[in-house]
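Read through the structure below, which is laid out as structure tokens, and then see the notes.
The values are calculated or read from the model by the stated rules, or taken from the named source; none is laboratory data. Keep in mind the model is a prediction, meaning the values are calculated, not measured. All Cβ positions, even for glycine, are placed from backbone atoms using ideal geometry, and neighbour counts span all protein chains on display.
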Amino acid sequence: ETGVTQTPRHLVMGMTNKKSLKCEQHLGHNAMYWYKQSAKKPLELMFVYNFKEQTENNSVPSRFSPECPNSSHLFLHLHTLQPEDSALYLCASSISGGGPDTQYFGPGTRLTVL
Amino acid sequence: AQSVTQLDSQVPVFEEAPVELRCNYSSSVSVYLFWYVQYPNQGLQLLLKYLSGSTLVESINGFEAEFNKSQTSFHLRKPSVHISDTAEYFCAVIPLTGGGNKLTFGTGTQLKVEL
């Protein structure tokens, strides 16, 4: 596999469920990101990891819990979500070297919260 | 802080016609500028970027964008579109200093190419 992959591609969950989104990058990058894409709104940066350390939490509610066990994998653990959390969740990766990094995106997970 | 405005949410155009997708930004510091494209059911792909040098940048599939510092714009153009260009286009910026790797995106413009 090449590039950035995300699983699952679609997820439907109830408000009391616990689920996880997975992202894997095969590009040798050291920075990974979670974005939320809602209709008619700009992409919202949620979390940033550099060299496995979280460097950005953009005021994201605690019902979203990220995990980055290594530079190639990123998870987003979900629990007690709300219907307004329904969106496309995009993972991205880049080389973190202090410059203007080109971010490479995965195809996203379409999440529906009932 | 930075903000990006894409005034047109949808742009319908006939095949082989020219198109311009507008992008304006606001920032208290200088920025790098990007255009990303999102085809249906896919993630975002980098289309082109301006970092420095010539203000006119081109992509491999015929798109070009010109950085205009005085007008704080980075409009995307193509002289003749193809049906396969149908997608959503996002303009984004990163500040030259202090921004790390945090992209600020616009709301996107849906380009629909019709026969």
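Below are the figures for this structure:
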item: Strands (runs of 3 or more DSSP E) within segment A:1-106 that include 1 or more residues out of contact with any Lys or Arg (no Cβ under 7 Å at 6 or more places or on another chain) and of a type in the set (Lys, Arg); result: A:18-25, A:31-37
item: Positions within segment B:14-64 being within 26 Å of A:Arg9 (Cβ to Cβ), without any contact (Cβ under 8 Å) to a residue 40 or more places away in the chain and surrounded by 12 or more Cβ atoms within 10 Å (Cβ to Cβ), in sequence order; result: B:Gln42, B:Gly43, B:Gln45, B:Leu46, B:Asn61
item: Condition met for B:Thr5 (within 14 Å of chain A (Cβ to nearest Cβ), modelled with pLDDT of 95 or more and under 10 Å from the mean Cα position of the chain (by Cα)); result: no
item: Pairs where the first residue, in segment A:1-22, is among the acidic types (Asp, Glu) and the second is in a strand (DSSP E or B), C-beta under 9 Å, 6+ apart; result: A:Glu1/A:Glu24
item: Any chance A:Leu27 is buried (at least 19 other Cβ atoms within 10 Å of the Cβ) and either facing another protein chain (nearest Cβ under 8 Å) or not β-branched (Val, Ile, Thr) (or both); result: no
item: Answer residue from segment A:76-106, given it is buried (at least 18 other Cβ atoms within 10 Å of the Cβ) and closer than 15 Å to A:Lys18 by Cβ and is farthest from the other protein chains (Cβ to nearest Cβ) among those; result: A:Leu81
